[in-house]
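One structure is given below, encoded as structure tokens.
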Amino acid sequence: MQSVRVIPCLDVDDGRVVKGVRFVDLFDAGDPVELATRYDEQGADELVFLDITASSDRRATMVDVVERTAEAVFIPLTVGGGVRAVGDARRLLRAGADKVGVNTAAVDRPALVAEIAEEFGRQCVVVAIDARRCSSEGAPPRWEVFTHGGRTATGLDVLAWAEQCVALGAGELLVTSMDRDGTRDGFDLELMAAISKRCDVPLVASGGVGSLAHLVEGATVGGVDAVLAASIFHLGEFTVAEAKAALAAAGVTVRPA
Amino acid sequence: MIAVLDYGIGNLRSAEKALCWLGADAKLVTDPGEAARSDGLVLPGVGAFGPAARALRERGLDEVVEEAASTGVPLLGICVGFQLLFEGSDEDPGEPGLGLLPGRVRPLPAGVKKPQMQWNQLHRPDGMASASGLWGEIPEASWVYFVHSFAPEITEDTVMTCEYGGPVAAAAERGSLWGTQFHPEKSGRVGLAILANFVRHVESHRRP
């Protein structure tokens, strides 16, 4: 049986949860450990922490956040942001993360994906891909990979890069549509379906959730294995339990909250 | 004391932290002598079978596990730590397992995504080994978290299965040896209840 996971995503800046719209305009959304505990109680299947701290000398803050979370919350935890070497992955895993997310550093040096997979197993490696639609209207859809928090175009085709990541050892893909992120217009379903069809590792959809119907579409139309959302949960509009109830009502198998 | 065997493979803190959260006296142990004096052992593990089996042997912890099995010290293997208790794995045919449980570790059935990285439901198959204290009060169809591409064969020691392209062994038991293919330390309330049962069992079988 395949079930769909519901994953709240916490963007963490210097030890605080923040949320931006279209990768900018950050606002404070609370203490990460407190939020993680609340989402666990609501029935979250997993948590993603994304460290968006700009200065690398504050990375130790994130390790502390991961440690404190792992002492209180007993569901899977993925941590991404600033993972540039096997040592960074090891530090986060030792602190209590179950998986590490790599993004920019994997594009800069794809061997990093293989190195982390080799050392800790591929189930530990999540490749996060920030995708922006680059085809003109009416043309067959194409998406380009962006890095550095969405600021840098790479020229890479998203589908080709996703396949390469799986070949290198990615155990999961976390794909964010930059066109949709923060817009509340729903996932880029075409993007998710295209990747889901091409890659046989679990796919987490991210970017654009504004309603519970969007989560349902992600699973039923996008064919993804997990749906990730941030602001609908952080702002208290919906609980994780409500999200799961909506999925179940639509016939999607979920672990009940 | 419960020794969580630390042989350098993956996230070992989770099991330790979950046991400590339950109030158990648990710690990560690298020294075989110290592990041999513990009241109970947890053998965690993620990643591939071969490197895990080699790492366990290089640190001399394989003998601690074998000794525990022969003297009846409670032992819980988790994920790859569970798989190591079997005779071997198709993942790394050249590297033998500990052979404490009969059977081999096989790939998950064809036609499903690998790894299975999700929550799935536990079932207690009819006619299989009766569920002992470790699984007590764990209701049929409870949800737990799996991350794996291989699983042990279903044998007479299997006490729980899940459905993933067919029935897959989720937990086994033989004497004082227990194992879960899923991660109890990452399975929320259900997982903590299983670990609490293990802690209680260890405490009632403490060395004099």
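The values are calculated or read from the model by the stated rules, or taken from the named source; none is laboratory data. Because the structure is predicted, anything quoted here is derived from the model rather than measured. Here the Cβ is made from the backbone with ideal geometry for all residues, glycine too, and neighbour counts use every protein chain on show. Side chains are part of the model used for accessible areas, which takes the heavy atoms of the whole protein and leaves out ligands, DNA and RNA. Shrake-Rupley method; radii C 1.70, N 1.55, O 1.52, S 1.80 Å.
Screening segment A:57-72 for residues that are open to solvent by less than 10 Å² (accessible area, probe 1.4 Å) and without any contact (Cβ under 8 Å) to a residue 40 or more places away in the chain and picking the one that is nearest to A:V125 (Cα to Cα) gives A:V66.
Is it the case that segment B:125-139 has a residue that's modelled with pLDDT of 90 or more and within 14 Å of chain A (Cβ to nearest Cβ)?
Initially, segment B:125-139 is screened for residues modelled with pLDDT of 90 or more, giving none.
No.
Of the conditions (1) out of contact with any strand residue (DSSP E or B) (no Cβ under 7 Å at 6 or more places or on another chain); (2) over 22 Å from A:W161 (Cβ atoms); (3) in a helix (DSSP H, G or I), A:F74 fails just one. Which one is it? So A:F74 meets the others, but not (3).
Looking only at segment B:33-64, how many residues end up being open to solvent by less than 40 Å² (accessible area, probe 1.4 Å), part of a helix (DSSP H, G or I) and not β-branched (V, I, T)?
Total meeting the criteria: 10.
Checking A:A89, A:A97 one by one, the residue that is of a type in the set (A, V, I, L, M, F, W, C), buried (at least 22 other Cβ atoms within 10 Å of the Cβ) and at the interface with another protein chain (Cβ under 10 Å from one of its Cβ atoms) is A:A97 and no other. Could you tell me whether segment A:187-207 includes any residue that is hydroxyl-bearing (S, T, Y) and more than 14 Å from chain B (Cβ to nearest Cβ)? Yes, the conditions are met somewhere in segment A:187-207. For segment A:135-167, the tally of residues that are under 19 Å from the mean Cα position of the chain (by Cα) and closer than 18 Å to B:K113 by Cβ stands at 5.
Residue-by-condition table, conditions (1) touching an Asp or Glu at 6+ places or on another chain (Cβ under 6 Å); (2) touching a residue at least 24 places away in the same chain (Cβ under 8 Å); (3) not charged (D, E, K, R):
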site	(1), (2), (3)
B:L28	yes, yes, yes
B:D31	no, no, no
B:G40	no, yes, yes
B:A53	yes, yes, yes
B:F86	no, yes, yes
B:D90	no, yes, no
B:P96	no, yes, yes
B:L100	no, yes, yes
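Hey, does segment B:110-124 have a residue that's touching a residue at least 40 places away in the same chain (Cβ under 8 Å), surrounded by 22 or more Cβ atoms within 10 Å (Cβ to Cβ), of a type in the set (F, W, Y) and more than 30 Å from A:L47 (Cα to Cα)? No, there is no match, as no residue in segment B:110-124 is touching a residue at least 40 places away in the same chain (Cβ under 8 Å), surrounded by 22 or more Cβ atoms within 10 Å (Cβ to Cβ), of a type in the set (F, W, Y) and more than 30 Å from A:L47 (Cα to Cα). When residues in segment A:115-144 are screened for being over 24 Å from A:E46 (Cα atoms), touching a residue at least 40 places away in the same chain (Cβ under 8 Å) and assigned to a helix (DSSP H, G or I), 0 of them pass.
Residues that are modelled with pLDDT of 95 or more, open to solvent by less than 10 Å² (accessible area, probe 1.4 Å) and within 14 Å of chain A (Cβ to nearest Cβ): does segment B:93-101 have at least one? Scanning segment B:93-101, I find no residue that is modelled with pLDDT of 95 or more, open to solvent by less than 10 Å² (accessible area, probe 1.4 Å) and within 14 Å of chain A (Cβ to nearest Cβ), so the answer is no. Within segment B:155-208, being away from chain A (no Cβ under 11 Å), open to solvent by 10 Å² or more (accessible area, probe 1.4 Å) and without any contact (Cβ under 8 Å) to a residue 24 or more places away in the chain holds for B:S204, B:P208. Of the residues making up segment A:158-171, those that are touching a helix residue (DSSP H, G or I) at 6+ places or on another chain (Cβ under 8 Å) and within 14 Å of chain B (Cβ to nearest Cβ) are A:G169, A:A170, A:G171.
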